[in-house]
1. Right, Phe22: in the same structural domain as Ser102 (by TED's automatic domain parsing), surrounded by fewer than 24 Cβ atoms within 10 Å (Cβ to Cβ) and under 20 Å from Ser125 (Cα atoms) or not?
2. Give the residues of the stretch 172-192 that are modelled with pLDDT under 95 and in a loop (DSSP other than H, G, I, E, B), sorted by residue number.
3. From the list Ile146, Ile101, Ile124, Ile95, exactly one residue is at pLDDT below 95 and aliphatic (A, V, I, L, M). Which is it?
4. Taking the conditions exactly as written (crowded, with 16+ Cβ neighbours inside 10 Å and farther than 30 Å from Leu81 by Cβ), does Gln139 satisfy them or not?
5. Limited to the stretch 214-244, what total is found for residues that are of a type in the set (A, V, I, L, M), within 25 Å of the chain's Cα centre (by Cα) and surrounded by fewer than 18 Cβ atoms within 10 Å (Cβ to Cβ)?
6. Checking the structure you have, find out if any residue of the stretch 61-69 is over 16 Å from Asp178 (Cα atoms), basic (Lys, Arg) and in contact with a helix residue (DSSP H, G or I) (Cβ under 8 Å, 6 or more places away or on another chain).
7. Is it the case that Lys195 is in a helix (DSSP H, G or I) and surrounded by fewer than 18 Cβ atoms within 10 Å (Cβ to Cβ)?
8. Within the bounds of the stretch 266-278, is there any residue that is on the phi < 0 side of the Ramachandran plot, within 24 Å of the chain's Cα centre (by Cα) and modelled with pLDDT under 80?
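The values are calculated or read from the model by the stated rules, or taken from the named source; none is laboratory data. This structure is a prediction, so every number in the text was calculated from the model and none was measured. Methodologically, a virtual Cβ is constructed for each residue, glycine included, from the backbone with ideal geometry; neighbour enumeration extends over all protein chains shown.
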Amino acid sequence: MSTMPLVTIGIPFFNAQQYLAFAIHSVISQSYTNWELILIDDGSTDQSLSIAKRFSDPRIRLLSDGRQLGLSARLNQIAFLANGLYIARMDADDIMFKDRISKQVSYLQEHSEVDVLGTGYCLISTHNSVLQLSTTSEQPDTGNAIFSGEFIAHPTVMARKEWVLENPYSDLYPRAEDRVLWIQSRAHTVFRNIKMPLLFYRVYPHDTTKYLATNKSLVKFYFHSLFNLNLPFLRSLLNLFLFTAKTSLYLIASIFGATSILKRVSYQSLDASQAKVLEEQLRLQMVETNL
């Protein structure tokens with residue numbers, strides 16, 4: 001196998017001590033081995049940096065400059081530092097399926113027209129319990145679905161390096177930087193998803209603050225778009241209204257402790273057999289990585 005890594009996997013992290021080792025181990029245990037992993041500490045104040053330093057795999061590069069620059073800046077930094085032909089990302093609290101990288105590399109090699117490739121994912125709890133499945137579409141709709149959260153899941157993305165370098169993240173819309181990037185690049189980008197779940201995506205029982213911060217950035221983006229030629233005026237106006245209403249609804253639901261109801265209708269429920277299979281996959285991944 002070539003000494004030049006075909007895939008660069010990037011994990012920026014900030015105060016992720018509880019789950020960071022899970023994420024790193026899930027990369028090391030990939031069935032596909034021709035990768036490099038760039039870990040960037042974004043100014044953590046907990047034990048995250050110490051945990052990252054425990055990994056001595058020569059394919060891992062750990063960077064820490066003591067500053068907190070935010071996710072967009074760190075993802076752009078990873079793209080600049082990457083040696084791979086493809087760049088994959090994940091969050092510091094998620095866990096990859098064992099064949100995630102292999103399947104995404106194979107797909108991109110077979111479909112040269114595709115620029116950005118996501119996958120389905122399985123929601124897991126803070127206690128590593130399997131919850132629900134995403135409703136990922138193999139050919140996401142850039143006309144309407146691109147404006148929704150289920151267009152393509154950011155932590156599952158693998159993209160060609162040249163595309164990533166040509167389409168940097170904006171730091172103007174924190175927590176919505178991915179959605180903004182998909183929308184702004186939609187005219188010249190081919191997006192696809194592998195429908196099967198290839199990532200265990202962690203969710204939290206009380207994430208109202210993060211949700212509201214994301215929607216606040218989206219409202220800001222659509223408001224700016226009213227005066228920007230990148231989006232049609234009526235589309236921007238409609239989405240400004242929808243996300244303002246959606247944010248208000250979620251805020252009301254959070255007051256009455258009913259946000260779990262909103263989440264349940266957004267994902268696919270698991271039957272007993274599906275849950276058993278996914279739980280076994282997660283268990284094996286964690287056993288094999290000695291976690």
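1. It is true that Phe22 is in the same structural domain as Ser102 (by TED's automatic domain parsing), surrounded by fewer than 24 Cβ atoms within 10 Å (Cβ to Cβ) and under 20 Å from Ser125 (Cα atoms).
2. Leu172, Tyr173, Pro174, Arg175, Ala176
3. Working: Ile101 fails: at pLDDT below 95; Ile124 fails: at pLDDT below 95; Ile95 fails: at pLDDT below 95.
So the residue among Ile146, Ile101, Ile124, Ile95 that is at pLDDT below 95 and aliphatic (A, V, I, L, M) is Ile146.
4. Criteria not met by Gln139.
5. Total meeting the criteria: 1.
6. Taking every residue of the stretch 61-69 in turn, at least one turns out to be over 16 Å from Asp178 (Cα atoms), basic (Lys, Arg) and in contact with a helix residue (DSSP H, G or I) (Cβ under 8 Å, 6 or more places away or on another chain).
7. no
8. yes
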